[in-house]
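The values are calculated or read from the model by the stated rules, or taken from the named source; none is laboratory data. Predicted, not measured: the structure shown is a model, and the values here were computed from it. Backbone-built Cβ (ideal geometry, glycine too); neighbour counts: all protein chains shown. Areas reflect the complete protein model, heavy atoms only, side chains present, ligands, DNA and RNA absent. Shrake-Rupley method; radii C 1.70, N 1.55, O 1.52, S 1.80 Å.
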Amino acid sequence: MKIKYLLIILILISQFIFPKKIDYTVLRKNMVEKQILERGITDKRILNAFYKVKRHLFVKPELRHMAYGDYPLPIDENQTISQPYIVAIMTYIIAPEYNKKILEIGTGSGYQASILAQLVKNVYTIEIKKNLGLKAKKLIQSLGYKNIKFKIGDGYLGWKEYAPYDGIIVTCSPDHIPPPLIEQLSVGGRMVIPVSYTSNVQELILIEKDTKGNLKRTNLIPVRFVPLIRNINGK
Ligand code: SAH
C-alpha cells in the first residue's frame, strides 16, 4: 500500500520537474480548423498559410501558450496582434492570388505580413514604431520569408516607390480612408481597412477600384483595431 502512495507522489513530482511540452502543431491545427475553416474560409491556399506560419513566435514568450486562442493578444508598445480569424478574413477579402503585390499598413508583430508572404509574390509592409518594425523584420528574416520588404514610416502616405498595389491591408484604424492609399491601389485592386466612425465604433470596409478608376465601397463587419497614428507620439 505504501509503495503505491510513494509511486503516486513520485509521478506528481516528476510532472513538476519535467513539465509537458506544449505541442504547438496541434494547437495550430485546431486554430485553423475551428476558428477559420469551420467559420467558412475554405480556400486551401489560405488554410495552408495558417498551418505553416508559427504564430507563437510572433507573441511575447510568456504568452506563447495563448498564441492560438480565438482572440487578439498584446505585443510590445501597447499594440496588438489581431485575432487569427480577423487576419484570415482580411487575407481572404483581398483575394491573394500568387502574382499579386500587397501593401500592409501596420507591421506590428509581422504575423499578417508572414501569412501574406506564403500566398503572394511580393509583400510591402510599413510600421510607424521603429522598435516593432525592426523586431518583426529580424524575426521574419530568421524564418526565411524573403518576399517581404519593410519600411519604418507613416503608412497613411503609402509607399509610392512600389505602387500601384493589387491589394492593400490596413491593420490600424484611421477615421477616414487615406487618399494616398486610394491613389496607390491598382485598377482592379482591393483595399480592406477598419475605419473608425467614433472612438469605439469601427467597421471593416472593402474598397474596390474598377477599370474606370471608380470606387465601390462595401461595409463588411464591425471590428476593433488600434488607431492609425500619424507620428510616433501617438497623434
Ligand atoms: N498587422 C499586425 C497587427 C498590427 S497592430 C500583426 O500582424 O501583428 C497595428 C500596428 O499599426 C501597430 O504596430 C501600430 O504601431 C501600427 N501603426 C499605427 N499607425 C501607423 C501608421 N500611421 N503607419 C504605420 N503603422 C502604424
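Annotations for the structure displayed:
- Condition check for LYS137: surrounded by 14 or more Cβ atoms within 10 Å (Cβ to Cβ), of a type outside the set (Asp, Glu), without any contact (Cβ under 8 Å) to a residue 60 or more places away in the chain and not in a loop (DSSP other than H, G, I, E, B): yes
- Near pairs, Cβ below 6 angstrom, 6+ apart or cross-chain, from region 95-113 (more than 18 Å from VAL59 (Cβ to Cβ) and assigned to a loop (DSSP other than H, G, I, E, B)) to any residue that is basic (Lys, Arg) and more than 6 Å from the ligand (Cβ to nearest atom): ASN99/LYS121
- Positions within region 203-235 being part of a loop (DSSP other than H, G, I, E, B), open to solvent by less than 30 Å² (accessible area, probe 1.4 Å) and away from the ligand (no atom under 16 Å from the Cβ), in sequence order: none
- No other residue among THR25, THR42 is without any contact (Cβ under 8 Å) to a residue 12 or more places away in the chain and assigned to a loop (DSSP other than H, G, I, E, B) apart from THR42.
- Only residues that are within 21 Å of LYS129 (Cβ to Cβ), in a strand (DSSP E or B) and more than 16 Å from the chain's Cα centre (by Cα) were counted in region 155-199, giving 1.
- Hey, VAL187 open to solvent by less than 80 Å² (accessible area, probe 1.4 Å), farther than 26 Å from HIS56 by Cβ and either more than 16 Å from the ligand (Cβ to nearest atom) or touching a residue at least 12 places away in the same chain (Cβ under 8 Å) (or both) or not: no
- Residue ID - farthest from GLN202 (Cα to Cα), chosen from residues in region 148-162 that are within 10 Å of the ligand (Cβ to nearest atom) and either at pLDDT below 95 or charged (D, E, K, R) (or both): LYS151
The rows are residues; the columns are (1) closer than 19 Å to GLY158 by Cα; (2) basic (Lys, Arg); (3) more than 10 Å from the ligand (Cβ to nearest atom).
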| position | (1), (2), (3) |
| --- | --- |
| MET66 | no, no, yes |
| LEU73 | no, no, no |
| SER82 | no, no, no |
| TYR92 | no, no, yes |
| ALA95 | no, no, yes |
| ASN99 | no, no, yes |
| GLU104 | yes, no, no |
| ILE115 | no, no, no |
| LEU119 | no, no, yes |
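- Filter pass, THR80 being in contact (Cβ under 8 Å) with a residue 40 or more places away in the chain and of a type in the set (S, T, N, Q): yes
- Tabulated pairs, region 213-235, first among the aliphatic types (A, V, I, L, M), second within 16 Å of the ligand (Cβ to nearest atom) and open to solvent by 80 Å² or more (accessible area, probe 1.4 Å), C-beta under 8 angstrom, 6+ apart or interchain: VAL226/ASN78; ILE229/LYS235; ILE232/LYS130
- One residue alone among TYR111, TYR124, TYR165, TYR145 is surrounded by fewer than 21 Cβ atoms within 10 Å (Cβ to Cβ) and either among the hydroxyl-bearing types (Ser, Thr, Tyr) or near the ligand (Cβ under 8 Å from one of its atoms) (or both), and that residue is TYR145.
- Residue in region 82-94 that is farther than 18 Å from GLU203 by Cα and open to solvent by less than 40 Å² (accessible area, probe 1.4 Å) present: no
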